[in-house]
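Below is one structure, written out as structure tokens, with a few remarks after it.
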Amino acid sequence: MDVGAVLIAITGVAGTLGGALLTQRGADRAKKRELEMAHAIQEARENREIRRSCYTQLHREARQFATALSRHLYVMRDHAVGREDVSALEGAKDAYRDRWSEALMIAPDAVIVPAHELNEALNGVYGQIKRLEQGSPRPGETSRSAAEAQHALWSLISVMREAMRRDLGVTVDAGARATRRPPLAASSNPTALTSDFTEPPNGLLE
């Protein structure tokens, strides 16, 4: 038997098997990369949906808390605060607090920073209103100052909302933003709210 021919044959078989093995390994690696990429895409999609849900609820509860603060000011102005009035305000505060606690564990810093500023402002207005309700305001705290602080909450809510939209990738570009309808005069003019508390009846709050 020709030893050279045998060696050539063995080398050919080995090369064929080796090539097939390398091809299979390459295919396995490509499939693994595809699976990893698909998993990363799915995880990113799920994370975005979790943030979207959290943001939607936080935005809603922040607006409801701000509205509850405004309502409580009117209650304090118009008549004695009842148990149901206190319950309504505390319920709005608790619902907001739960959503804020959730956001702290989910949202990136770009959202947390404006959301934290809003959180501080909401709690500040709440504290001021409760001190007025209890008849122990700090120097300079009046129904008007509380109304002004409550009105300022809406711009902070808007800043937080824009940060959330940017994080979700849904914020419109600068050109489109310029075409938005301007806010209604009642919501953009502090006088619309604070004038109701300039001279409260019977000196209830001043």
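Data for the structure
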| item | result |
| --- | --- |
| Qualifying residues in segment 72-89 (those that are within 21 Å of residue 195 (Cα to Cα) and out of contact with any helix residue (DSSP H, G or I) (no Cβ under 7 Å at 6 or more places or on another chain)) - the one surrounded by the most Cβ atoms within 10 Å (Cβ to Cβ) | 74 |
| Residue satisfying condition, being more than 25 Å from residue 85 (Cα to Cα), open to solvent by less than 50 Å² (accessible area, probe 1.4 Å) and not in a helix (DSSP H, G or I), within set 115, 107 | 107 |
| Matching residues in segment 58-71 - criterion: being touching a residue at least 40 places away in the same chain (Cβ under 8 Å) and open to solvent by less than 50 Å² (accessible area, probe 1.4 Å) | 58, 59, 62, 65, 66, 69, 70 |
| Cβ-Cβ under 8 Å pairs, at least 6 apart or on other chains, segment 76-96 side closer than 21 Å to residue 143 by Cβ, far side open to solvent by 30 Å² or more (accessible area, probe 1.4 Å) and among the aliphatic types (A, V, I, L, M) | 76/204; 77/204 |
| Single unsatisfied condition, residue 96 versus (1) under 20 Å from residue 163 (Cβ atoms); (2) among the aromatic types (Phe, Trp, Tyr); (3) surrounded by fewer than 18 Cβ atoms within 10 Å (Cβ to Cβ) | (3) |
| All positions within segment 24-76 that are farther than 20 Å from residue 98 by Cα, modelled with pLDDT of 95 or more and among the small types (Gly, Ala, Ser) | 70 |
| Contacts under 7 angstrom Cβ, first residue in segment 127-151 being among the charged types (D, E, K, R), partner part of a helix (DSSP H, G or I), 6 or more apart | 133/76; 138/131; 141/128; 141/131; 141/132; 144/194; 144/197; 148/194 |
| Pick from segment 118-132, criterion open to solvent by less than 60 Å² (accessible area, probe 1.4 Å) and not hydrophobic (A, V, I, L, M, F, W, C), ranking: farthest from residue 58 (Cα to Cα) | 131 |
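Per-residue answers, yes or no, for (1) of a type in the set (Asp, Glu); (2) closer than 24 Å to residue 53 by Cβ; (3) modelled with pLDDT under 95:
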residue: 86; (1), (2), (3): no, no, no
residue: 96; (1), (2), (3): no, yes, no
residue: 99; (1), (2), (3): no, yes, no
residue: 109; (1), (2), (3): yes, yes, no
residue: 115; (1), (2), (3): no, yes, no
residue: 119; (1), (2), (3): no, yes, no
residue: 124; (1), (2), (3): no, no, no
residue: 127; (1), (2), (3): no, no, no
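The values are calculated or read from the model by the stated rules, or taken from the named source; none is laboratory data. Bear in mind that the values here come from a model prediction, so they are computed numbers and not experimental data. Positions of Cβ are generated from backbone atoms using ideal geometry, with glycine treated the same way; all protein chains shown enter the neighbour counts. Surface accessibility is based on the protein's heavy atoms, side chains included, excluding ligands, DNA and RNA. Shrake-Rupley method; radii C 1.70, N 1.55, O 1.52, S 1.80 Å.
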